[in-house]
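Below is one structure, written out as C-alpha cells; comments come after it.
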Amino acid sequence: MKYIIFAGLIFFSLGSLASNAKVKGDESLDKMLKEIAAEQAKRNPIHTEDDFIKAAIKNGYQVQRNLAFGYQTGDSKTGGYDFISKNDTKSCAWRKILLIANPEKTDSSDTANERFSCRNLDFEQDEEVWKIVYKYLPMIAEAKEKGEYMVEKKSEPTPDKLEIIDVTQ
C-alpha cells in the first residue's frame, strides 16, 4: 500500500512539473507570436479602410487594384481584407480611378474589371461613383506633382555572391 501511495505522489509531482513547464512554454510562445505580429504590422501599415485609401492615393496602381477588389468581394477569405465591407459603388469608383490615374499601367483586365464592377449600379449609385472619383483624383494628381506617387521603395542591397556559412563548426 505504501508503494501505491508513493507512486501516486511521484505521478502527482511529475504532473505538476509538466504543467509548470507548459505554462512557461506558453509564455515564450505568446511572446514570440507578439513579436511576429509586431513585425508584420511594421511591414504592412494598412489596418483600416482609411489607411488603405491613403496607401492607394500614394502607392498607385496595385494598391488601388487591391482596394477595388476588397470592395468588390468584401471577404477576407477570398484574398480581400477583413476590414473592407463589400460595396459595389466604391469598387466601381476605384476601378475608374485606377483607369484614369494609371493609363500607362492598365491592361484589358482592368477595363474588364471596371465593366464588371459597374454593371449593376443604378443612377444614384453611378452619381456616387463619380463623387468618389472626383474626390480622390485631385489627391492623386497632387501626389504625382509632389513626386510622392508610386515612388520606388529602396530595397536592401543584395550581395552579388552567395556566402555559404558552415554551421557545423
query = How far, in nm, would the chain grow between Arg119 and Lys31 when pulled straight, counting 0.36 nm per residue and subtracting the alpha carbon separation?
reply = 26.8 nm
key: Sites Glu145 and Asp75, calculated FRET efficiency, Cβ-Cβ separation with R0 25 Å, nearest 0.05   = 0.10
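Relative to the present Cα-Cα distance, how much length would full extension add between Glu163 and Thr111 at 0.36 nm per residue of separation?
Details: separation 52, 0.36 × 52 = 18.72 nm, distance 4.60 nm.
The Glu163-Thr111 span can extend by a further 14.1 nm.
Read-outs throughout are calculated quantities, based only on the coordinates presented, and are distinct from any laboratory measurement. Everything quoted here is computed from the prediction, not taken from an experiment. Backbone-built Cβ (ideal geometry, glycine too); neighbour counts: all protein chains shown.
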